[in-house]
1. Between the alpha-carbon centers of the stretch 315-352 and the stretch 101-133, tell me the distance in whole angstrom.
2. If I stretch the segment between Asp340 and Gln174 completely, what's the gain in nm (0.36 nm per residue apart, minus their alpha carbon distance), one decimal?
3. Cut-off 17 Å, label point 7 angstrom out along Cα-to-Cβ of Asn92: give me the residues of the stretch 98-133 whose amide nitrogen falls inside.
4. Suppose R0 equals 25 Å; then what is the FRET efficiency for Asp119 and Lys317 from their Cβ-Cβ distance, rounded to the nearest 0.05?
5. Using a Förster radius of 35 Å, what is the FRET efficiency between Lys224 and Glu48 based on their Cβ-Cβ separation? Nearest 0.05, please.
6. Restricting to Cα pairs below 8 Å that are 6+ residues apart, what does the relative contact order work out to for the stretch 157-358? Please round to a whole percent.
7. Whose amide H sits under 5 Å from the amide H of Ala40, counting only residues 5 or more places off or on another chain, with H placed in the peptide plane?
8. Once you put a point 7 Å from the Cα of Asp234 and another 7 Å from the Cα of Glu289, both along the Cβ direction, what distance in nm separates them?
Amino acid sequence: MIVQQQVKTRILIVDDSSFMRMAIRSVLSKDPSFDIVGTAADGMEGVEKAIALKPDLITMDVEMPRMDGIAALKQIMAKAPTKVIMVSTLTNEGAKSTFEALDAGAIDYIPKNVTDSSDAQNTFRQDLLRKIKEAIASRRHSPGAAPAAARPATPVAAVRQRPTSSKFLGKKIQYVAIGASTGGPVALQEVLSRIPVNFPYGIMIGIHMPKAFTGPYADRLNAKCSMTIREAVDGDILKPGLALVAPGGMHTTLVRQGSHIVVKTQPTSSYPQYVYIPSVDLLISSMAEATSGSMLGVILTGMGNDGFKGMQLLKQKGGVTIAQDEATSTIYGMPKACVDGGVADEVLPLGQIGFEISKFM
């Protein structure tokens with residue numbers, strides 16, 4: 001009888017902190033599916049070892065001496081394309097650097113939140129293992145593959161000539177909700193950059209991010225897109241031409257107050273049944289109720305099935321739904337749940353979704 005050996009994922013750890021290198025190695029070495037092939041103390045050494053060792057995945061610190069993580073990432077993507085997860089500080093500057101890294105080809109990030117607190121250590125361990133396994137399962141950076149940000153966009157003329165789906169004919173919307181997770185920061189920027197400044201409907205965005213990241217991320221989107229985009233606060237009103245990003249570290253619901261749809265932030269303790277924070281299911285479900293279904297729901301790349309139940313309720317209320325296709329998704333989990341569950345009116349490549357949303361003007 002021939003026993004097949006499990007093929008292990010070969011991982012390189014790049015961090016200037018010996019404590020962090022030890023902490024990451026300690027977490028990963030307990031999983032028999034991982035093989036730590038090396039460590040590096042700065043970006044320059046990280047590039048050298050990435051080329052020499054050819055790992056399957058790299059964890060990369062952002063702030064390092066000699067060569068920082070962003071510069072190292074760019075060299076690795078040019079010389080030895082590899083799946084990279086950034087390890088970022090929970091600060092405004094850490095968030096900005098992380099989004100720059102995602103644009104440069106990093107597949108995901110994990111907040112550097114290892115303290116003496118056992119809860120923080122458990123959260124870091126669980127997040128690290130989950131994100132590495134998601135990255136391994138992703139479509140990004142297979143040999144010769146380009147990161148999502150580098151994929152050529154669908155030509156404008158080609159998309160605009162495409163007729164609106166017959167499923168959308170006669171449908172009236174007043175609001176838009178968009179949900180995403182892994183791969184979402186780059187995907188959302190692609191979608192929102194296609195929507196004009198005079199878009200007549202308010203947009204609510206839910207993406208799985210920590211509290212320190214959603215504000216800088218909204219600011220980044222605002223600088224790169226035509227619409228006004230900012231982090232939502234409790235009591236905000238959804239208005240035409242405005243896109244609000246649900247704040248991290250808490251849940252967001254939408255309620256009707258008179259003629260307005262109003263943002264209500266909620267502590268996670270109020271909704272313990274929702275694992276993902278902020279919950280896309282809760283956001284879209286509450287918005288579907290508040291708008292009586294007169295909205296468009298969009299689910300982009302991400303692991304798991306968050307958003308499916310919200311889209312299911314939206315469909316029941318007569319709303320319109322779009323899911324990103326498999327070919328352009330970093331992780332085809334959240335969109336796949338909607339497609340397999342029969343709640344996606346249209347399944348579109350990333351480069352077409354923003355234009356399709358704009359057709360509702």
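Read-outs: derived from the displayed coordinates by stated rules, not from any lab. Computed from a predicted model, the values in this text were never measured in an experiment. Because the Cβ atoms are built from the backbone with ideal geometry, glycine has one as well, and the counts that use them run over all protein chains shown.
1. 27
2. In short, 57.1 nm is gained.
3. Residues 98-100 fall inside that zone.
4. My answer for the efficiency is 0.05.
5. Values: r = 33 Å, r/R0 = 0.95.
My answer for the efficiency is 0.60.
6. Averaging sequence separation for qualifying contacts and normalising by length gives 23 percent for the stretch 157-358.
7. Placed amide hydrogens put Ile13, Val14, Asp15 under 5 Å from Ala40.
8. 1.8
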